[in-house]
Amino acid sequence: MKSATILNKAIKEMPVNSFKCEFPAKSLNESFARIIVSAFVNQLDPTIAELSDIKTSVSEAVTNSIVHAYRETDIKKAQNVYLSGEYYSDGKIVITVKDKGCGIPNIKEAMQPLYTTLPSDERSGMGFTIIASFSDKLKVSSAPNKGTTVRFEKRIGNT
């Protein structure tokens with residue numbers, strides 16, 4: 001019986017559906033990202049509030065990549081945002097937004113409400129706070145000059 005228990009723990013649930021895309025880190029593509037995620041999530045028949053939470057979280061994560069990630073990099077390098085999503089049979093949605101920009105030296109500090117690296121641009125510093133409040137789980141990983149990955153989960157419905 002011990003081997004069966006170990007085997008069951010090793011089997012990872014596969015998503016019912018998934019997508020991956022990349023697009024240039026340009027402000028006009030923030031709305032594009034929201035549309036992609038909206039169309040994908042609509043397969044699960046979310047409430048307006050659930051869909052709004054996911055779209056807002058994507059908007060914040062993509063905007064962070066566009067505004068902050070590539071501000072110090074060579075313009076000749078590809079400056080893309082990578083967006084992916086998965087959903088599972090239990091109604092869990094997983095969205096990942098990734099960039100290959102300057103990275104975040106101190107994630108804990110960056111996740112504090114009102115923290116911004118660009119106060120002169122009148123940035124509110126609420127992006128991660130908003131994502132955290134609209135999602136069930138949030139994970140941010142980053143390394144200087146390697147980029148940042150924002151992964152959040154949201155459960156749809158009562159399943």
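Nothing in this text is a laboratory measurement; each read-out follows from the coordinates by a stated rule. Since this is a predicted model, take the numbers as computed values, not measurements.
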Added length on full extension, which subtracts the Cα-Cα distance from 0.36 nm per residue, Asn145 to Ser31: 38.4 nm
Principal axis box of region 14-155, alpha-carbon based, largest edge first, Å: 40, 32, 26
